[in-house]
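Notes to accompany the following structure.
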Amino acid sequence: MRRHCCEPLRKIIGKYIKEARINKSLSGEQLGMLLNVSQQQISRYENAETSINIETLYVILQKLDKDWGDFYCHVIREYENKKM
């Protein structure tokens, strides 16, 4: 039950990461190398198959030249719009 509750938010976060990665002209493999994880793990984050802990999200945002303000505004705005 809990997983179902958070699934839409994970999808929005994954979409945000994927769009930021593409806008920075990075492949999943390149981002994985920057984070010291596999391309498959990046794919799992982007496709909402795996939750991201706060520390990992912080590093991802740094590598993608994003900040918490941008992340929060984008993700929460989209999440709130989907709830309506």
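What follows draws every value from the coordinates through simple rules; no lab data is involved. Everything quoted here is computed from the prediction, not taken from an experiment. Here the Cβ positions follow ideal geometry from the backbone for every residue, glycine too, while neighbour counts run over all protein chains shown.
At-a-glance table
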read-out	value
Number of positions in the stretch 29-84 that are under 12 Å from Ile17 (Cα atoms) and aromatic (Phe, Trp, Tyr)	3
Residue in the stretch 37-44 that is surrounded by 12 or more Cβ atoms within 10 Å (Cβ to Cβ) and small (Gly, Ala, Ser) present	yes
Gln41 in contact with a Ser or Thr (Cβ under 8 Å, 6 or more places away or on another chain), of a type in the set (S, T, N, Q) and without any contact (Cβ under 8 Å) to a residue 12 or more places away in the chain	yes
The stretch 49-82 - residue that is touching a residue at least 24 places away in the same chain (Cβ under 8 Å) and among the basic types (Lys, Arg) and, of those, surrounded by the fewest Cβ atoms within 10 Å (Cβ to Cβ)	Lys82
Cβ-Cβ under 8 Å pairs, at least 6 apart or on other chains, the stretch 17-37 side over 10 Å from Lys63 (Cβ atoms), far side among the small types (Gly, Ala, Ser) and assigned to a helix (DSSP H, G or I)	Gly28/Ser43
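So that you can scan it fast, the table gives a plain yes or no per residue for (1) closer than 18 Å to Ile76 by Cα; (2) in contact with a helix residue (DSSP H, G or I) (Cβ under 7 Å, 6 or more places away or on another chain); (3) not in a loop (DSSP other than H, G, I, E, B):
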position: Leu9; (1), (2), (3): yes, yes, yes
position: Ile13; (1), (2), (3): yes, yes, yes
position: Leu34; (1), (2), (3): no, yes, yes
position: Thr56; (1), (2), (3): no, no, yes
position: Leu61; (1), (2), (3): yes, yes, yes
